[in-house]
Amino acid sequence: MFTGLIREMATVKSYNSNTLALKAKHRPKLGDSIAINGACLSVVSIEPDGFSVELSPETQKYIALERLNGSVHIEPAMMMGDRFEGHIVQGHIDTIGTVKSISNSGNSFDVIISVEPKFIRYIVPKGSICIDGVSLTVNDVQSDSFRLTIIPITMKETLFATYKKGSRVNIETDMFARYIEHILTHKNADSISWDDVDKISSMY
């Protein structure tokens with residue numbers, strides 16, 4: 001599990017076949033889980049200046065592979081007792097979004113990202129979303145896009161500084177929205193009890 005707070009910008013040394021080699025200050029252990037641009041990956045080797053992770057075919061199918069170039073976001077998995085500061089992030093990419101526009105609103109930046117309409121149901125106004133591993137709050141939701149407000153420090157210290165119209169980004173939608181839809185879709189609505197409603201509500 002992750003929080004969506006980027007701990008370091010690592011540098012891609014190489015990406016060959018299924019292995020991504022990174023130069024980083026973070027020193028993980030073999031087998032550790034670490035989020036790279038929001039995707040949970042496993043550390044398979046340790047080098048003097050960094051580490052390597054392995055990408056399964058399933059992961060490669062769902063993430064923006066072209067962004068495994070230059071700098072990438074990294075966040076080690078949470079440890080028991082760590083301070084919880086962002087939101088609950090699994091490191092499971094749901095889809096790839098496309099940046100439609102970025103506009104400077106004075107003391108922040110409005111970023112509009114388009115997604116396939118079928119994913120809009122999991123994107124909630126004022127709810128949480130993870131973009132390339134960054135925990136953010138959704139401002140507005142349209143039929144096939146949503147708007148984020150990015151503060152200057154986030155724009156400066158993350159990959160948001162490199163985004164432009166047409167950039168593709170990894171998106172993890174709200175975990176609770178996905179779970180609730182699954183429960184309601186796979187359970188006869190007539191059989192839902194107040195206990196079930198309480199259980200769903202307690203997830204928030």
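All of the numbers you see were taken from the coordinates with simple rules; none came from a lab. In this text, all values refer to a predicted model and were calculated from it rather than measured experimentally. A quick note on method: Cβ atoms are made from the backbone with ideal geometry, for glycine too, and the neighbour counts reach across all protein chains shown.
Loop sites by DSSP among the trypsin sites (Lys or Arg not before Pro) of the chain, restricted to those with at most 15 other Cβ atoms within 10 angstrom, leave 30-82 as the longest stretch without any of them.
The value for the stretch 95-178 of Rg(Cα) / (2.2 N^0.38 Å) is 0.99. With the helix formula -39500 (n - 2.57) applied to DSSP H stretches of n ≥ 4, the chain reaches a computed 222 nm mean residue ellipticity of -4000 deg cm²/dmol. Each residue of the stretch 163-176 was assigned a 3J(HN,Hα) from its phi angle through the Karplus expression (A = 6.51, B = -1.76, C = 1.60, θ = phi - 60°), giving 6, 8, 4, x, 5, 9, 9, 6, 10, 10, 7, 5, 4, 5 Hz with x at Gly and Pro. For the stretch 30-115, the fraction of alpha-carbon pairs lying more than 18 Å apart is 57 percent, rounded to a whole number. For Lys118, the lysines whose Cα falls under 25 Å of its own Cα, not counting residues fewer than eight places away in the same chain, are Lys61, Lys100, Lys126, Lys164, Lys165, Lys187. The calculated FRET efficiency for the pair Ala177 and Ile151, based on their C-beta separation and a Förster distance of 22 Å, comes to about 0.35.
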